[in-house]
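Worksheet: the structure to be examined is printed underneath.
The values are calculated or read from the model by the stated rules, or taken from the named source; none is laboratory data. This is a predicted model, so every value here is computed, not measured. Don't worry about glycine lacking a Cβ; one is built from the backbone with ideal geometry, like all the others, and counts go over all protein chains shown. The protein model used for the area step is the full one, side chains on, heavy atoms only, and it has no ligands, DNA or RNA in it. Shrake-Rupley method; radii C 1.70, N 1.55, O 1.52, S 1.80 Å.
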Amino acid sequence: MSLILGIETSCDETAAALVRDDGRVLSSVVSSQVDLHRPMGGVVPEIASRAHLRLILPVIREALHGASVTLADVDGIAVTRGPGLVGALLVGVQTAKSLAWSLGRPVVGVHHLVGHMSAPFLVDDDGGAPIAHPFVALVASGGHTSLFEVAGRDAIRTLGRTRDDAAGEALDKGAKLLGLGYPGGPAIEREAAGYDGPAAEPFPRGLRARRELDFSFSGLKTALAERVRREGAVDGAARAALCRAYEEAVVDSLVTKSLEACRVTGHTRLVVSGGVASNARLRRELLRRAPGRGIEVTVPPARYCTDNAAMIALAGAPALAAGRSEAFDLAAAPYLPVPEHLA
Ligand code: KG4
Ligand code: ZN
């Protein structure tokens, strides 16, 4: 059994975790920068990089402390090498390489989305029941919206992806248009949940053809901008009604395409992760529409759905177990395709 230090700095969360290669999480520390970016209405890359620099060592120290281990106990290091913001990724990659070099331990680079696909295999004192392959994975966050077929730990195939905005990005931009705060997903969810008036006119669904597994959310955003312009400054009940219709459109696209991906692959398990997986309407709709089709839905605990380093540590486990270690020219890769075969 070996102990892996995971490091994640691809966007606006500075994270470190200690995870055993069987998926047991000894500690997982996530320092969110959301308060730093909120006044700007979104993530500012330069602010993110500087915050990662300031936070990375304290966060790693806290993770070691939380797991009651020292650096000498670490058998290998796994770090997110992409995709993400280049300056942010760089902080994690350089830190991981420096630690690996000074400790004489292997280091492997991990694809951020492969990390998300590892989340359902994490177990800690508060729960987690590891699932079995194969499954269809929906990853929906502020930066990504993709569907994958995960046939095994090292066999991943992309089934569909967004052609423009990510689902979380659509919610963030929608919230901005409506004068709601950042991040937009929770703000829209709150507004929509508090509304029980008549339904607003529905929003269009992007790429709605039944067999289409790609997503599109930019038309939805344009439709909202047009309605805000037409209806003037929206607030109160009118704004809440728009939030509900907008959230319904995003959720409907995610659910419809995820179920279609299960149908075409024949897999009966759907795993949903990424920040948008916290959305209550999404969970409700999945639980309403999936069982009738013989599909079981798994949503990892929220702490492992949003960006964290435990999922990165576990995603690096197969490569570390195979004895791999990157050369010290391992570089941050802001644009990185999902590898088809991993180990
Ligand atoms: O995975 P995540 O924490 O970070 C990355 O983007 O990688 O996801 C953040 C995204 C944001 O766009 C945020 O608006 C969205 O997830 N989000 C939600 C909810 N909580 C976070 N969207 C809908 N409903 C929520 N409750
Ligand atoms: Zn993510």
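Details
- Restricting attention to the stretch 95-111, the residues that are open to solvent by 10 Å² or more (accessible area, probe 1.4 Å), away from ligand 1 (no atom under 15 Å from the Cβ) and outside any helix (DSSP H, G or I) add up to 4.
- Count - residues of the stretch 153-164 that are more than 15 Å from ligand 2 (Cβ to nearest atom) and open to solvent by less than 50 Å² (accessible area, probe 1.4 Å): 5
- Among the candidates Ala200, Ala209, residue that is more than 10 Å from ligand 1 (Cβ to nearest atom), in contact with a helix residue (DSSP H, G or I) (Cβ under 6 Å, 6 or more places away or on another chain), in a loop (DSSP other than H, G, I, E, B) and at pLDDT below 95: Ala200
- Residue check: Gly184 meets all listed conditions (1) touching a Lys or Arg at 6+ places or on another chain (Cβ under 8 Å); (2) touching a residue at least 60 places away in the same chain (Cβ under 8 Å); (3) closer than 23 Å to Ser32 by Cα but one, namely (2).
- Residue in the stretch 122-129 that is open to solvent by less than 10 Å² (accessible area, probe 1.4 Å), in contact (Cβ under 8 Å) with a residue 24 or more places away in the chain and in a loop (DSSP other than H, G, I, E, B) present: yes
- Checking Leu282 against (1) at pLDDT below 95; (2) crowded, with 23+ Cβ neighbours inside 10 Å, the condition it does not meet: (1)
- Ala313 under 22 Å from Thr95 (Cβ atoms), loosely packed, with under 15 Cβ neighbours inside 10 Å and among the aliphatic types (A, V, I, L, M): no
- Here the condition is being farther than 30 Å from Gly174 by Cα and buried (at least 17 other Cβ atoms within 10 Å of the Cβ); of Val114, Val136, Val91, Val69, it holds for Val91 alone.
- Looking across the stretch 184-220, the residues that are more than 21 Å from the chain's Cα centre (by Cα), among the charged types (D, E, K, R) and buried (at least 16 other Cβ atoms within 10 Å of the Cβ) come down to Glu191, Arg205.
- You will find that of Leu89, Leu85, Leu122, the residue that is within 17 Å of the chain's Cα centre (by Cα) and within 30 Å of His267 (Cα to Cα) is Leu122 and no other.
- Test: residue in the stretch 79-88 that is under 27 Å from Val139 (Cα atoms), buried (at least 17 other Cβ atoms within 10 Å of the Cβ) and basic (Lys, Arg): yes
- Subset of the stretch 169-183 [buried (at least 16 other Cβ atoms within 10 Å of the Cβ) and either among the acidic types (Asp, Glu) or away from ligand 2 (no atom under 16 Å from the Cβ) (or both)]: Glu169, Asp172, Lys173, Gly174, Ala175, Lys176, Leu177, Leu178, Leu180, Tyr182
- Qualifying residues in the stretch 1-18 (those that are open to solvent by 10 Å² or more (accessible area, probe 1.4 Å) and either within 10 Å of ligand 2 (Cβ to nearest atom) or in contact (Cβ under 8 Å) with a residue 60 or more places away in the chain (or both)) - the one farthest from Thr80 (Cα to Cα): Ser2
- The combined condition, being basic (Lys, Arg), away from ligand 2 (no atom under 16 Å from the Cβ), within 17 Å of the chain's Cα centre (by Cα) and surrounded by fewer than 23 Cβ atoms within 10 Å (Cβ to Cβ), is not fulfilled by Arg288.
- One residue alone among Leu138, Leu159 is within 15 Å of ligand 1 (Cβ to nearest atom) and in a strand (DSSP E or B), and that residue is Leu138.
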